[in-house]
Structures are given as structure tokens and as C-alpha cells.
Amino acid sequence: MLELAFLRRNLEYVRERLATRGVQVDWEYFLETDEKRRRAIQEVEELKHVRNTISKELGRRKARGEDISGDREQMKTLSERIKEMESQVEEWDARLYAFLETLPNLPHESVPVGLDEGGNVVVRRWGEPRGFPFPPRPHYELGEALGILDLRRAAKISGSRFAVLRGWGARLEMALIQFMLDLHVNAHGYTPFMTPYMVNQETMYATGQLPKFEEELYRIERDQLYLIPTAEVTLVNLHRGETLSEVDLPLCYTAYTPCFRREAGSHGQDVRGIIRQHQFDKVELVKFTTPETSYEELERLTADAEEVLQRLELPYQVVELCTGDLGFAAAKTYDIEVWIPSQGRYREVSSCSNCEDFQARRGNIRYRPVKGGKSRLVHTLNGSGVAVGRAMVALLENHQEEDGTVVIPQALVPYLGIDRLTPG
């Protein structure tokens, strides 16, 4: 969330930065509401000054033995008016903060300007898409032929956009998860966590899922809990309401969780297979940093996610998102897109973002500087390290052979115990 005092001091700058995102903002409403709040506060202060003045005068009169019983009604009326105006101040405060909750983060100055994904910029590519001497089959055909993917029974159990992984398919999913966790923990220095899959409203609010993305979330009405759309939610909230020490930063956390998303508004997209699902597995990366180091850490976090694809021998590209394609809480984002042969294009497998202090302000996550002084808000970063299902899609399609087998990348062989998936 943006800071109200910052918005007031830098209104034109905020207007300009949010305009690059294509966001429609009712600035007249903000200015009018803020002015009414200021007037209400001023009236409260003036009324309190009058009450204090009268109270002192009545005290002096009482000390002189004068009868002040007739003036008590005036004081009562004055106090009631103050209480009424304080209630109005609270109402204007609530309206202002509800307005702030609708504003996305400001794009970093380095982010390319554009209104949609057409303005995104390819930063680099790794690996060359393979030239197949045969038409590459899509992952769902490969999975069914290998006997590792059952979409028909998944639909019977749960409906569309769910999958059942069977035999070596289930083992491949588990192998990918363990491989990613080992890489991030042992090679990259992240601390692993197991966190809840259900969280309360305050937790969803802190990372920016609420109130904006209410329709995208699965909610358990009876218990007032939400199924998490990503482990970013739980990892960031580990330190909600806490003040960390600068000497401990950066904190680098990782977790595997299933993720749950309604995928509202994506009807008709990727209806076959496991690219876009309501439930999917993901290994998440989260960092807490100082403001001075957060953009260096974003580059490191992105490189950590990239290494997963490099070791799996999967061609990919890194794309810097333009202002109009940024996520709600992000100030800067790199998408990592892996090559999908059957589609002849790159598809997102990881999104790595610096949210600066946007989430930290919502969650009141601070750190105490080594040199002393007031505590400061941390910067939070997150990224997929990576989405497991999409990594499996890319692995099956990029490493398929004409006879229907799929070669297992060398880095994954110790986790799976075989070097090739075969039909039957």
C-alpha cells in the first residue's frame, strides 16, 4: 500500500507513475475526501480548544465559589459535538484508506513503459529451442501415452482444470519439487519452510491479495479462511508485525506448497493439459531486504530461478514486464518463460518481483538499522523457483523422442532413479 503522507506530498508524481500502468484513478474523489477529513480534524481541534478554554474558566469560577451548574449543559453540548466530529474523522479516514487499498504499487523508474504485454522487453535468452525431426506432441498426449497423466478421472473427481498424476508422473512431480528445494537450500542459501495452506484475512491483506483479488481466491466460508494462491503469502506474513535486525538481512526463504486459484477470466485458455489449473504445485522464493540492496537481490533471485531451468536443460527467456503488465504489488518484475515446443512459443514458468515496501507497509514489517535511528520498512521480493507443473510440461515436451519416450535430464536422474520415461 502507498503511504498517505507520501501521496499528499507527491500527488503529481504518483499520478504520472500510475498513469503509465493504465490505471484509472478517481483523483477528484481523493482530493475531496482528504479535504473533508482535514476540515473535520480542524473543527475537532478548534472545538477542543474552546472546551479547554471554557473548562479552565469554569474551574476559576468554581474556585471563587461561583455557581457553574448552568454552564455544564454548554460543556455537555460541546463534548457531544466533538464526539460527533471525531466520528466523522474516523469515517473519512476509513474512506481514504479504502481508496489507498485500490492503488497498485508505483513502477520503478527503470521499468519500460507500456500498457500491456506488447510493451514487455526480452532481456536475455538461454539455450536454443530444439529442432525436432518429427512433429512434437503436446504434453497431455505424451502424458496419456506414458500412462502418467489422467485428466479424465481428474475431471470425474473434481471437474475441469484438475489433474491426476499416476506412477512415474507422481514420482516425477515429487522429484522436481525435491530437486528445486535442494538447489535453493544447498546451492543458493535459502532457508526451507513448511507453512499452512489455509490463512486468515489479515494474511491475505498484507501481501495484496485482498481486497483486489477476492474473486480469484478460494474461501472457506465456515472458518473464514482462504486457500493460498502461492507460498509468497505465508512466507511474507511470517514476519507480519515484527521488527527485524538489519544484520540479519537479507532473509532468504523457500517453501513448496500446493497453490489454489480460481483462474477467473481465463475461460478458454489452456483448457487441455496442466498449464493452467485450479490446483498446482510451486516452489516459492521470498526475500526480506533493506531498500538499498533490494534491486541487487532481485537480480540474484531471478538468477536462482533461472538455474532450475538451466539444470533441467530447458530453453527459456527472461522478460522485463512493462508498467501496464506489472502485478498489483510489484514495482519491478522479470518473467521467466520456458520454451513449449508444441505451442512454438515461450510460456511463463516464474515471475520474480520486487515489491519494495508495498507489502511491508500493509503488514507492518520493519527492521532496525545498525547505525541506530527509527525503524524502517523492509523491502519484500518474491519469485517462483519454479512452478512445478509447467516445468513438467516443458520437460516432457522438450525431451521427448519420436518413439514416445522422454529423456530425463541428468540433474534429475538421482531424484527419479531412471533416465528415461517409456510408454506402458
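The values are calculated or read from the model by the stated rules, or taken from the named source; none is laboratory data. As the structure is a prediction and not an experimental result, all values here were calculated from the model. Positions of Cβ are backbone-derived with ideal geometry, glycine not excepted, and every protein chain shown enters the neighbour counts. Heads up: the accessible areas ignore ligands, DNA and RNA and are worked out on the full protein's heavy atoms, side chains in. Shrake-Rupley method; radii C 1.70, N 1.55, O 1.52, S 1.80 Å.
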If we ask which residues in the stretch 315-331 are in a strand (DSSP E or B) and either aliphatic (A, V, I, L, M) or crowded, with 21+ Cβ neighbours inside 10 Å (or both), their number turns out to be 3
Exercise. Please tell me if residue 191 is farther than 27 Å from residue 275 by Cβ and at pLDDT 95 or above.
Key: yes
Taking the stretch 409-424 and keeping residues open to solvent by 10 Å² or more (accessible area, probe 1.4 Å) and assigned to a loop (DSSP other than H, G, I, E, B) leaves 417, 418, 419, 422, 423, 424
Query raised in the report: In this structure, does residue 147 turn out to be of a type in the set (Gly, Ala, Ser), closer than 24 Å to residue 423 by Cβ, out of contact with any Cys (no Cβ under 6 Å at 6 or more places or on another chain) and free of Cβ contacts under 8 Å to residues at least 12 places away in the same chain?
Result: no
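Does residue 236 count as touching a helix residue (DSSP H, G or I) at 6+ places or on another chain (Cβ under 7 Å) and under 21 Å from residue 2 (Cα atoms)?
Spelling it out, residue 236 is indeed touching a helix residue (DSSP H, G or I) at 6+ places or on another chain (Cβ under 7 Å) and under 21 Å from residue 2 (Cα atoms).
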- Message: Please determine whether any residue of the stretch 153-166 is in contact (Cβ under 8 Å) with a residue 60 or more places away in the chain, small (Gly, Ala, Ser), within 29 Å of residue 395 (Cβ to Cβ) and surrounded by 17 or more Cβ atoms within 10 Å (Cβ to Cβ).
- Response: yes
| said: Is it the case, given these coordinates, that residue 100 is within 30 Å of residue 204 (Cβ to Cβ), outside any helix (DSSP H, G or I) and open to solvent by less than 70 Å² (accessible area, probe 1.4 Å)? | reply: no
Reported set for the stretch 372-386 where residues are over 9 Å from residue 359 (Cβ atoms) and among the hydroxyl-bearing types (Ser, Thr, Tyr) is 375, 384
Flagged pairs (Cβ under 8 angstrom, 6 or more apart or on separate chains; first in the stretch 73-102, without any contact (Cβ under 8 Å) to a residue 24 or more places away in the chain; second in a helix (DSSP H, G or I)) are 74/54
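Here's the yes/no breakdown for (1) open to solvent by 10 Å² or more (accessible area, probe 1.4 Å); (2) free of Cβ contacts under 8 Å to residues at least 60 places away in the same chain:
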{"position": "355", "(1), (2)": "no, no"}
{"position": "363", "(1), (2)": "no, no"}
{"position": "368", "(1), (2)": "yes, no"}
{"position": "380", "(1), (2)": "no, no"}
{"position": "395", "(1), (2)": "no, no"}
{"position": "401", "(1), (2)": "yes, yes"}
{"position": "406", "(1), (2)": "no, no"}
All conditions in (1) open to solvent by 50 Å² or more (accessible area, probe 1.4 Å); (2) closer than 18 Å to residue 382 by Cα are true of residue 287 except (1)
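Filter the stretch 226-255 down to residues that are hydroxyl-bearing (Ser, Thr, Tyr) and surrounded by fewer than 15 Cβ atoms within 10 Å (Cβ to Cβ) and give me whichever is nearest to the chain's Cα centre (by Cα).
243
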>> On the basis of being assigned to a strand (DSSP E or B) and either in contact with a helix residue (DSSP H, G or I) (Cβ under 9 Å, 6 or more places away or on another chain) or in contact (Cβ under 8 Å) with a residue 24 or more places away in the chain (or both), does residue 211 make the cut?
In response: no
Check your understanding: Is it true that some residue in the stretch 332-351 is surrounded by fewer than 20 Cβ atoms within 10 Å (Cβ to Cβ), touching a His at 6+ places or on another chain (Cβ under 9 Å) and at positive phi?
Key -> no
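Residue-by-condition table, conditions (1) surrounded by 15 or more Cβ atoms within 10 Å (Cβ to Cβ); (2) more than 26 Å from residue 392 (Cβ to Cβ); (3) out of contact with any Asp or Glu (no Cβ under 8 Å at 6 or more places or on another chain):
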position	(1), (2), (3)
149	yes, no, yes
172	yes, no, yes
186	no, no, yes
195	yes, no, yes
208	yes, yes, yes
218	yes, no, yes
221	no, yes, yes
224	no, yes, yes
The residue from 350, 375 that alone is touching a Phe, Trp or Tyr at 6+ places or on another chain (Cβ under 9 Å) and within 23 Å of residue 1 (Cα to Cα) is 375
